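These notes concern the structure reproduced below.
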Amino acid sequence: MLVAPTHYAALGLEPDASAADVKRAFHRLALKLHPEKNKQELAEEGFKRAQQAHATLADPTLRRDYDLSLGLRPRRTASSRRHGY
């Protein structure tokens, strides 16, 4: 199985995707790849990869750290704009 180079690619998203986009993309993939629904050999591996990507991108702090590790500029969230960060 080809491994997606980033969590964004694993979910089929661009780095500027919103939190709602991350959630929608994960749920779409989870329905498609869940081991109870998809008995193909690599489905479980894909499901685990999607779970890992979602866990990182759904948490604002983890996502900021992940983006920095990729050399991306941190996203400005509603919370950071409200507090002037």
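The values are calculated or read from the model by the stated rules, or taken from the named source; none is laboratory data. Note that the coordinates shown come from a computational prediction; the quantities given were computed from them, not determined experimentally. Neighbour counts run over all protein chains shown; Cβ positions are idealised from the backbone, glycine included.
Summary of computed values
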{"read-out": "Any hit, region 18-26, residues being over 26 Å from Gly71 (Cβ atoms) and assigned to a loop (DSSP other than H, G, I, E, B)", "value": "no"}
{"read-out": "Subset of region 47-78 [among the β-branched types (Val, Ile, Thr) and surrounded by 12 or more Cβ atoms within 10 Å (Cβ to Cβ)]", "value": "Thr56, Thr77"}
{"read-out": "Residue selected from region 29-53 under the condition of a type outside the set (D, E, K, R) and in a loop (DSSP other than H, G, I, E, B), by the criterion farthest from the chain's Cα centre (by Cα)", "value": "Gln40"}
{"read-out": "Meets criteria (without any contact (Cβ under 8 Å) to a residue 40 or more places away in the chain and farther than 18 Å from Pro60 by Cα) for Glu14", "value": "no"}
{"read-out": "Ala17 being of a type in the set (A, V, I, L, M) and either surrounded by 14 or more Cβ atoms within 10 Å (Cβ to Cβ) or at pLDDT below 90 (or both)", "value": "yes"}
{"read-out": "Within region 23-59, tally of residues that are in contact (Cβ under 8 Å) with a residue 40 or more places away in the chain and among the hydrophobic types (A, V, I, L, M, F, W, C)", "value": "4"}
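Every residue, every condition in (1) surrounded by 13 or more Cβ atoms within 10 Å (Cβ to Cβ); (2) modelled with pLDDT under 95, yes or no:
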{"position": "Leu11", "(1), (2)": "yes, no"}
{"position": "Arg28", "(1), (2)": "yes, no"}
{"position": "Pro35", "(1), (2)": "yes, yes"}
{"position": "Lys39", "(1), (2)": "no, yes"}
{"position": "Leu42", "(1), (2)": "no, yes"}
{"position": "Glu45", "(1), (2)": "yes, yes"}
